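Asks: Attaching a single structure in structure tokens format; questions to follow.
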Amino acid sequence: MRAQLLDGARPAGLFDVVRQLTLLQNDQTAAIAPNADLVLWSRLGSSCQPAELEDALAGQTLLDLQGMIRPSEDLALYRADMADWPGRGELRGWQEYIRDWVEANKACRLDILERLRADGPLPARELPDTCAVPWTSTGWTNSRNVSKLLEYMVQRGEVAAAGRQGRGRLWDLAERIYPDDPVVPADKALRVRNERRLRALGIARAQGPECPVEPLNVGEAGQPAVVEGVRGTWRVDPALLGQPFPGRAALVSPLDRLVYDRKRMTELFEFDYQLEMYKPAAKRRWGYFALPILYGDRLVGKLDATADRNGGVFQVHAVHQDVPFTQTMTSAIDREIKDLARWLRLRLAR
């Protein structure tokens with residue numbers, strides 16, 4: 001909780017939060033508020049100003065890298081991987097497939113770069129689709145050739161997100177967006193990323209399943225630890241140990257890094273939770289975009305609420321209690337709910 005800036009001491013501002021957490025997932029689902037804004041509010045409270053995040057992205061002191069908002073200075077830790085795309089050493093089957101698909105559509109990639117060089121930044125819909133080989137998928141990305149090609153061009157360090165137009169990204173040449181900092185060698189960059197990830201999480205697995213964009217494990221960073229009753233090898237940040245913990249109540253986004261790794265969440269906090277926005281309404285237990293509720297050092301429930309901006313109402317449908325709330329808990333959680341409504345500039349309705 002302390003590593004995630006969810007203890008009693010509020011951080012000073014936006015950049016303190018992003019540098020400690022290392023990233024904000026830039027998801028625009030806004031049943032309550034976009035994820036990055038909601039994560040910042042959970043730490044900063046009503047002093048959080050979404051316009052400040054927009055200004056930081058526009059001024060490129062923060063960058064959107066593969067859907068994750070990061071400090072611009074951290075980009076140097078990813079440039080070696082971009083140069084070695086799709087990977088170092090022997091490639092896996094899926095890496096070879098992606099490499100071959102991008103190579104087969106080299107002409108389209110060059111067309112996109114030429115268009116951006118002349119007219120960027122532009123939304124994806126204004127970029128040419130001259131792919132010779134369409135992208136094949138059994139999911140929603142099937143035949144979304146430009147969006148998939150842009151995804152891999154970001155990984156190659158050729159294009160970058162240059163802001164948003166509505167809920168969609170604008171794209172431009174990476175050389176116009178990225179700072180010209182010296183590239184950190186790949187091995188050192190991996191070590192530093194692992195150290196920063198552990199500092200942000202406090203405790204994490206040494207090894208874990210492969211995860212796109214942002215790993216869940218931290219390698220040899222920190223010190224080894226045993227979690228009683230939980231299998232596996234863990235690492236902890238020793239700087240966080242042995243300190244008093246003044247807890248507080250907090251409402252956190254379903255995409256918050258505190259709970260994003262659902263397996264870790266279950267093992268460490270014994271918290272049963274799923275994001276149910278993709279489930280039919282009749283099968284939801286907690287709500288479309290229920291917010292996990294933190295109290296002290298425990299996750300104690302879920303808030304089912306939605307922001308009705310047209311009606312000017314923050315509608316609380318239910319507060320699900322995983323443990324019986326004491327009067328003190330109820331008062332603290334109610335204060336957070338009221339603060340969230342004020343921050344959203346909506347009238348609270350229960």
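The values are calculated or read from the model by the stated rules, or taken from the named source; none is laboratory data. Small disclaimer: the values here were computed from a predicted structure and weren't measured. Every residue, glycine among them, receives a Cβ derived from its backbone with ideal geometry; neighbour counts consider all protein chains shown. Quick note on the areas: whole protein, heavy atoms, side chains included, nothing else; ligands and nucleic acids left out. Shrake-Rupley method; radii C 1.70, N 1.55, O 1.52, S 1.80 Å.
Asks: Would you mind telling me which numbered condition in (1) open to solvent by less than 10 Å² (accessible area, probe 1.4 Å); (2) touching a residue at least 60 places away in the same chain (Cβ under 8 Å) LEU303 fails?
Replies: (2)
Asks: Look at segment 220-246 and say how many of its residues are in a loop (DSSP other than H, G, I, E, B) and either among the hydrophobic types (A, V, I, L, M, F, W, C) or farther than 19 Å from GLU267 by Cα (or both). Show your work before the answer.
Replies: Applying the first criterion (in a loop (DSSP other than H, G, I, E, B)) to segment 220-246 yields 220-222, 226-233, 237, 241-246.
Imposing the further condition that a residue be either among the hydrophobic types (A, V, I, L, M, F, W, C) or farther than 19 Å from GLU267 by Cα (or both) reduces the set to 220-222, 226-227, 230, 241-246.
The number of residues fulfilling the criteria is 12.
Asks: Hey, PHE289 hits all of (1) open to solvent by less than 30 Å² (accessible area, probe 1.4 Å); (2) part of a strand (DSSP E or B); (3) out of contact with any helix residue (DSSP H, G or I) (no Cβ under 9 Å at 6 or more places or on another chain) but one; which does it fall short on?
Replies: Condition (2) is where PHE289 drops out.
Asks: Going by what's in this entry, would LEU170 be described as under 23 Å from TRP101 (Cβ atoms) and either outside any helix (DSSP H, G or I) or not small (Gly, Ala, Ser) (or both)?
Replies: On the way: under 23 Å from TRP101 (Cβ atoms): no; either outside any helix (DSSP H, G or I) or not small (Gly, Ala, Ser) (or both): yes.
No: the conditions fail for LEU170.
Asks: Can you pull out every residue in segment 117-157 that is assigned to a helix (DSSP H, G or I) and among the charged types (D, E, K, R)? Even if it seems obvious, please write down each step before you answer.
Replies: Pass one, segment 117-157, residues assigned to a helix (DSSP H, G or I): 117-119, 124-126, 145-155.
Residues satisfying the conditions are ARG117, ASP119, ARG125, GLU126, LYS148, GLU151.
Asks: Can I ask one more? Residues of segment 149-200 being basic (Lys, Arg), under 14 Å from GLY67 (Cα atoms) and crowded, with 16+ Cβ neighbours inside 10 Å, which ones? Let's see the steps before the verdict.
Replies: If we filter segment 149-200 for residues that are basic (Lys, Arg), which is where we start, we get 156, 164, 167, 169, 176, 188, 191, 193, 196-197, 199.
Of the ones still in play, those that are also under 14 Å from GLY67 (Cα atoms) are 164, 167, 169.
Within segment 149-200, ARG164, ARG169 meet the criteria.
Asks: While we're here: Do the conditions hold for PRO324, that is, is it at pLDDT 95 or above, assigned to a loop (DSSP other than H, G, I, E, B) and farther than 28 Å from MET68 by Cα? Explain how you work it out, then say what you get.
Replies: Details: at pLDDT 95 or above: yes; assigned to a loop (DSSP other than H, G, I, E, B): yes; farther than 28 Å from MET68 by Cα: yes.
Yes; evaluated as a whole, the condition is true for this residue.
Asks: Please specify each residue of segment 2-57 satisfying the condition of being polar (S, T, N, Q), part of a helix (DSSP H, G or I) and touching a Leu at 6+ places or on another chain (Cβ under 8 Å). Can you show your working first?
Replies: Going residue by residue through segment 2-57, those that are polar (S, T, N, Q) are 4, 20, 22, 25-26, 28-29, 35, 42, 46-47, 49.
From what's left, part of a helix (DSSP H, G or I): 20, 35, 42, 46-47.
Scanning segment 2-57 gives GLN20, ASN35, SER42.
Residue-wise test of (1) within 24 Å of the chain's Cα centre (by Cα); (2) among the hydrophobic types (A, V, I, L, M, F, W, C).
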position: ARG92; (1), (2): no, no
position: ARG99; (1), (2): no, no
position: ARG115; (1), (2): no, no
position: TRP140; (1), (2): yes, yes
position: GLN155; (1), (2): yes, no
position: GLY163; (1), (2): yes, no
position: TRP171; (1), (2): yes, yes
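Asks: Right, another one. Could you tell me whether ARG257 is within 20 Å of TYR273 (Cα to Cα) and surrounded by 13 or more Cβ atoms within 10 Å (Cβ to Cβ)?
Replies: Yes; evaluated as a whole, the condition is true for this residue.
Asks: May I ask you to say which residue of MET265, MET329 is in a helix (DSSP H, G or I) and either among the acidic types (Asp, Glu) or open to solvent by less than 10 Å² (accessible area, probe 1.4 Å) (or both)? Don't jump to the end; show me each part of the working.
Replies: On the way: MET329 fails: either among the acidic types (Asp, Glu) or open to solvent by less than 10 Å² (accessible area, probe 1.4 Å) (or both).
Only one candidate passes the filter, namely MET265.
Asks: Now, a different point. Would you check which residues across segment 201-215 are open to solvent by 10 Å² or more (accessible area, probe 1.4 Å) and within 18 Å of ARG2 (Cα to Cα) and list them?
Replies: Of everything in segment 201-215, those that are open to solvent by 10 Å² or more (accessible area, probe 1.4 Å) and within 18 Å of ARG2 (Cα to Cα) turn out to be LEU201, GLY202, ILE203, ARG205.
Asks: Of (1) under 30 Å from LEU268 (Cα atoms); (2) touching a Ser or Thr at 6+ places or on another chain (Cβ under 9 Å), GLU195 satisfies all except one. Which?
Replies: Unmet condition: (2).
Asks: Filter segment 230-279 down to the residues that are more than 19 Å from GLY45 (Cβ to Cβ), small (Gly, Ala, Ser) and in contact with a Gly (Cβ under 6 Å, 6 or more places away or on another chain) and list them by number.
Replies: Within segment 230-279, none qualify.
Asks: Another question, then. Hey, could you check segment 38-55 for residues that are modelled with pLDDT of 95 or more and under 26 Å from GLN155 (Cβ atoms) and say which is surrounded by the fewest Cβ atoms within 10 Å (Cβ to Cβ)?
Replies: Here the residue is LEU53.
Asks: Is it fair to say GLN20 is within 15 Å of the chain's Cα centre (by Cα), open to solvent by 20 Å² or more (accessible area, probe 1.4 Å) and of a type outside the set (Ser, Thr, Tyr)? Working first, answer last.
Replies: Values: within 15 Å of the chain's Cα centre (by Cα): yes; open to solvent by 20 Å² or more (accessible area, probe 1.4 Å): yes; of a type outside the set (Ser, Thr, Tyr): yes.
So GLN20 passes the test.
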